[in-house]
Amino acid sequence: MAKVAMTVNGKSVSREVEGRTLLVQFLRDDLRLTGTHVGCDTSQCGACVVHVNGEAVKACTMFALEAEGAEVTTIEAMANEDGSLNVVQQAFQDYHGLQCGFCTPGMVMSATSLLKDNPKPTEQEIRDYLEGNICRCTGYHNIIKAIMAASGQDMPSMAAE
Amino acid sequence: MPKDSATGTGIGASTKRREDVRFLTGNGNYTDDINVHGQAYVHFLRSDVAHGRINGIDTSAAEGMPGVVRIFTGKDFEGIGGLPCGWQVTDKHGEVMKEPGHPVLAQGKVRHVGDPVAAVVADSLAEARDAAEAIILDIEELPAAVNMKAALEPDAPKVHDDLSDNLCYDWGFVEENKGAVDEAIKNAAHVTTLELINNRLVANPMEPRVAVADWNRSNDEYTLYTTSQNPHVIRLLMGAFVLGIPEHKLRVVAPDVGGGFGTKIFHYAEEAFCTFAAKACKRPVKWTSTRSEAFMSDAHGRDHVTKIELALDKDNNFTAIRTETLANMGAYLSTFAPSVPTWLHGTLMAGNYKTPNIYVNVKAVFTNTVPVDAYRGAGRPEATYQLERVIDMAARELGVDPIALRRQNFITEFPYATPVAVEYDTGNYPATMDKLEEIADLAGFDARRKESEAKGKLRGLGVNCYIEACGIAPSNLVGQLGARAGLYESATVRVNATGSISVMTGSHSHGQGHETAFPQVVAEMLGIDASMIDIVHGDTARGPMGMGTYGSRSLAVGGSAMVRATEKIINKAKKIAAHLMEASEGDIELKNGQFTVAGTDKSVAWGDVTLAAYVPHNYPLDDIEPGLEETAFYDPSNFTYPSGAYACEVELDPETGKVTVERFSAADDFGNIINPMIVSGQVHGGIAQGIGQALLENCIYDENGQLLSASYMDYAMPRADDVPFYAVDHSCQTPCTHNPLGVKGCGEAGAIGSPPSVINAVIDALQSGGHKVAHLDMPASPSRVWAAMQG
Ligand code: FES
Ligand code: FES
C-alpha cells in the first residue's frame, strides 16, 4: 500500500492504495464517484473517460498512483454551479444523445475535451474523435447531433424528426 | 395537449427524457454502483477448455490465502436445482426436446470455455482473484463439438453424456404444410436456392452483468440486485427452481440497467451463486463481470445455418418457401433459447408476402460453446435475413427489379392469416415502400453511383422489407407452444392524496425511456401534467408480478396494462366527483384535470377528488372504498405486427474490399406513437447493431472450441465512424387493432430490418463492378469482400 494524493473535482483527497489500483477503481471504490463507468478490460470502450490535468484520459489505463498531484475531473463535476446541465450535457438531453446512459459519462467527457481543442468540429471529425467511445444504444446519430449542437452549429430540433 | 412538439407532455410529444438528468450528471444507480455494508467479492474460476472431465479441484492452497472467506465448487451445489429452461419445444415427431441439466457450478464436466468451475469469495476482489490462481484444476480435455454439422455426426463428441446425441430437437412447422410445399416447389416455374449463415453475435450491452446479494439473518429474507430486464422472472426462476426460496422471502431489484438487448433477460448462474453464497457466508456477496467474462458467459445470439428455397410461378408470384436451419443452442439451454429458432422464427417466414405454402425445419444442436439465446430481434432477424436475401437473389436470377418483385407479392388485405400460424391484424406495406423510396431518394441513386465510380469506387443499393411480431401472447396460446410462463403485464396506478401518481409497472427500462414515455400516456388520459406522474419499475418489492421487457413488448403489453389500470382510476374518481358535485355519475366528464357535470358549470379539480379519496369526510362510503389505487393485468389477444421497408447504400473500395455505409433509410409502421424522439432513437440503435452484424461483428470459435473473439480487440463493435446519419420515418401508421393504445412496438425493428439491405447493397455493388458474386456471408469484412472479388 502507498499513499496517493490528488485533487478530484476541486477537492483534495488522499488515500492508501495498492500499486495495482487503477484510477477508475480509486474513483469508484475509494471515493464512491460511481458516475465514471467500467465497460471493458482492454481500454477500448471509453465508459471510464475522465479529465486528468485537463486532458481526456481513460481512467482504466492509469494507476491511481500515477495521478499523484494531478487535477482530476469526473462527470460529477460537469454541471453548472447551480446544478443545471452544462452546454454539452444539455445538448445530449435535447438531442436524445443517450439511452441507457452507461456510455454517457465517457461520451460527455470526451465531447468536452474535443470541443476544447476544436470548437466547431465537423461531423467526420466528431466521428473520428469518438473512435474510442463505444455506445451500443444510440447508433451514434444523436450523439453526433448533440455535440454539433453543443458547439453552436445549427441542428434541426428533435421534434422535427 | 400539444402534439409533435418538444414542449408537450402528452401522447405524440417528443418530450425530453427525465431520466437523462441523472445519467448526464453521474447520478445513475447501476448495479455496480450498489455496495452493501460488509460485502465480500466473488471471482469465478472458469474453464479454459471447451470440453473436459473434471478429475479434481484442489483448493487447499487457496483456502489459506489472505482474505478468503470460502471457496465453492460444483459439490456445494449437489442437490440444488440447476438453471431452468423456460420454454419446452415439441419436435416434429411429437417428442419433447432434450433438456440437459445446467448446474450453477460445473459438475463432472466442463462444457464451454467460460463454464464456471469454482468460485472464490474473499474480502476484496483482488484477494479473490489471487486465491483463484492458487486453485489447482485437474481437467482432462476432451474432443469438443463445435461445428453444428459435425456435432450431428454419429461419432461426434457428446456435449452431454446422458443424452443420446447432440440434437436438442428437430422441429417442423407447419408439419401439415410439408406435402403441399414440396409439391409447389416441384411444379414451380423458378426456384431460387440460397445457403447462408446468420453469424453468431455477442449482445454487448455496455454495462457488464453484475449481481449483489444480501441475506437477512433476522427474517431469512434475501435481496438480489441484478442487471436484469425482468426482475420478477428472475425471482420466480431462481427462487422456485434453483434455490427453493419462496417468493415472499426474495426481493429482486434491477435498478438502472445499462442496456440489455435480450442478454439480460435470462437467469444466470452468477446471480444464483451470489444469492446462495450470501446465506452460506452470512455476508453480502458481489460479482461484477469483466468484459472478458461477458464474452464467455453472457448468452450469445443468432448462429443459424440455413438453406432456403423460394418457388415462383411464371408470373413471378411466390408459391412456396421451404427452409432447413441448424440452430446453435450452445452447451446448455439458456432460459428462452428453444423458442428463438422455432416460434420466434418460423412464424415470421411469411414476411410481408402472400406465399401460400411455407414449411420450416429447424434442428437445434448442442455444441461446446456459450449458450445461445435471444438477442435483439431473436429469431425474427434470422427469418427476415434469409427471406429478404433469397428474394433479392431471385430478382437477380429473373432479371426483375427487386422492389417491383416485392411489391407484386405484398400482402394487401388484412387481417391476413399466414400459412405459418399467425394472423396479421393491420399493415400497409406499399405505403412504407413508397415512403422509403422518398426518404432514401432512390431516384437519385444512379447519379450517386456515377459519382462513386468517378472516384474509383463501386456503389450498391440494397432494399428489404421486414415484419416483426411483438408482444408475444396470449398466455394460453404461448402455453400450448411450450412457454412455461405467462406473457401478460401488470400495472398499479397509485394516486396519492395530493394528486401525484406513482405507476408501478412490470415493464423494465434499460434505455427505452419508460420513465418519460409512460407518464405521457397517463397524463393524456387524466389531463394532468406528466411531471405529476412517476414510473416505478425494477423492484419486486414495489410492484405486482410483471414479466419485464423484451420482444418490443413494453408499450403494447405493459402500456396497455397501465391504460387499463388508469381507466379503473378514472371510473372510481368519477364516482367520487359525482358525489362531491351531487350529480349523477353518468354526467361526469374529465377534461384537462377537471371533473365537470355535463351541461352545467359545476366542476371539481383532480386534486379535490384525490384528497377526498384519502380524507373521506364527504364521501360515498356506502358505495365505494376510500383510496385511489388500481391494478390491472393485461394479457393481449394477439401479437402486434410492426413492419417497414429499409434501404442501404454502400460504397465499396475495390482496392481493399472495404465497405462503407453511405446512406441508410428506414420507413417503419409502428402504429400509434407516444414519443417520436424515443422511437427514432430506438430505430437508430437497432440499425447500428444491424450494420454491425452485416459488416463487422462475428463471434468466432476455433475447431477446439476456443473463443477467438473474446474482447473488443477482436470483436468489432460498430463505432461512431462505422455508421452514417440515418434517415428514419414512422409516419406510416396503421394502428394495432387489438390493444387500447394502437401501438405495435419499435425496439427491435432496426436490428431486424437492416442486415439484409446491407448485404443486398454489397452484392449490388459487387455485381455493378462485374463480379459475379451471388451471395456473401456476414460480416462482409474487407477480407471476405476482397476474396470474393478475386473469384
Ligand atoms: S473501461 Fe476504460 S476503456 Fe473501457
Ligand atoms: S446510451 Fe447505452 S451505451 Fe450509450
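The values are calculated or read from the model by the stated rules, or taken from the named source; none is laboratory data. Keep in mind it's a predicted model, so treat the numbers as computed, not measured. No Cβ is skipped: glycine too gets one built from the backbone with ideal geometry, and neighbour counts run over all protein chains shown. Surface areas here come from the heavy atoms of the whole protein model, side chains and all, with no ligands, DNA or RNA. Shrake-Rupley method; radii C 1.70, N 1.55, O 1.52, S 1.80 Å.
All conditions but one from (1) assigned to a loop (DSSP other than H, G, I, E, B); (2) more than 10 Å from every other protein chain (Cβ to nearest Cβ); (3) open to solvent by 40 Å² or more (accessible area, probe 1.4 Å) apply to A:Gly83; the one that does not is (2).
For the condition surrounded by fewer than 24 Cβ atoms within 10 Å (Cβ to Cβ) and either farther than 15 Å from B:Arg459 by Cα or without any contact (Cβ under 8 Å) to a residue 60 or more places away in the chain (or both), B:Ser783 qualifies. Of the numbered criteria (1) open to solvent by 10 Å² or more (accessible area, probe 1.4 Å); (2) within 16 Å of ligand 1 (Cβ to nearest atom), the one A:Met148 fails is (2).
Search region B:13-65 for residues being in contact (Cβ under 8 Å) with a residue 60 or more places away in the chain, among the aliphatic types (A, V, I, L, M) and part of a helix (DSSP H, G or I), and hand back the single one that is nearest to B:Gly705 (Cα to Cα). Step by step, filter region B:13-65, then rank; the result is B:Ala62.
One residue stands out in region B:444-458 among those that are more than 16 Å from B:Pro402 (Cβ to Cβ) and in contact with an Asp or Glu (Cβ under 9 Å, 6 or more places away or on another chain): the one that is most open to solvent (accessible area, probe 1.4 Å), namely B:Lys455. Among the residues of region B:743-775, those identified as among the hydrophobic types (A, V, I, L, M, F, W, C) and open to solvent by less than 20 Å² (accessible area, probe 1.4 Å) are B:Val743, B:Ala749, B:Ala751, B:Ile752, B:Val758, B:Ile759, B:Ala761, B:Val762, B:Ile763, B:Ala765, B:Leu766, B:Val773. The residue of region A:34-53 that is farthest from the other protein chains (Cβ to nearest Cβ), among those that are more than 16 Å from ligand 2 (Cβ to nearest atom) and surrounded by fewer than 22 Cβ atoms within 10 Å (Cβ to Cβ), is A:Asn53.
The residue that is farthest from ligand 1 (Cβ to nearest atom), among those in region A:128-141 that are over 14 Å from the mean Cα position of the chain (by Cα) and within 23 Å of B:Val679 (Cα to Cα), is A:His141. Here A:Tyr140, A:Tyr95 are screened, and the one residue that is more than 7 Å from every other protein chain (Cβ to nearest Cβ), aromatic (Phe, Trp, Tyr) and within 16 Å of ligand 2 (Cβ to nearest atom) is A:Tyr95.
Residue count for region A:8-23, restricted to those that are open to solvent by 90 Å² or more (accessible area, probe 1.4 Å) and in a loop (DSSP other than H, G, I, E, B): 1. Restricting B:Lys158, B:Lys149 to those that are outside the structural domain of B:Val68 (by TED's automatic domain parsing), within 27 Å of B:Glu324 (Cα to Cα) and not in a loop (DSSP other than H, G, I, E, B) reduces the list to B:Lys149. The set of residues in region B:248-261 being touching a residue at least 24 places away in the same chain (Cβ under 8 Å), more than 12 Å from chain A (Cβ to nearest Cβ) and either outside any loop (DSSP other than H, G, I, E, B) or open to solvent by 10 Å² or more (accessible area, probe 1.4 Å) (or both) consists of B:Lys249, B:Leu250, B:Arg251, B:Val252, B:Val253. For region B:352-372, state whether one or more residues are under 30 Å from B:Trp215 (Cα atoms), within 14 Å of chain A (Cβ to nearest Cβ), open to solvent by 10 Å² or more (accessible area, probe 1.4 Å) and of a type outside the set (S, T, N, Q). So far as region B:352-372 goes, no, none of its residues is under 30 Å from B:Trp215 (Cα atoms), within 14 Å of chain A (Cβ to nearest Cβ), open to solvent by 10 Å² or more (accessible area, probe 1.4 Å) and of a type outside the set (S, T, N, Q). Go through region B:620-637 and give me each residue that's open to solvent by less than 60 Å² (accessible area, probe 1.4 Å) and touching a Leu at 6+ places or on another chain (Cβ under 9 Å). Correct list: B:Pro636 only. Considering region B:272-300, and only residues there that are open to solvent by 10 Å² or more (accessible area, probe 1.4 Å) and either within 16 Å of ligand 2 (Cβ to nearest atom) or touching a Leu at 6+ places or on another chain (Cβ under 7 Å) (or both), the residue that is nearest to the other protein chains (Cβ to nearest Cβ) turns out to be B:Met296.
Restricting region A:58-69 to residues that are of a type outside the set (Ser, Thr, Tyr) and surrounded by fewer than 22 Cβ atoms within 10 Å (Cβ to Cβ) leaves a set whose member that is nearest to ligand 1 (Cβ to nearest atom) is A:Met62. Put simply, of B:Thr596, B:Thr660 the only residue that is part of a strand (DSSP E or B), over 28 Å from B:His684 (Cβ atoms) and of a type in the set (Ser, Thr, Tyr) is B:Thr596.
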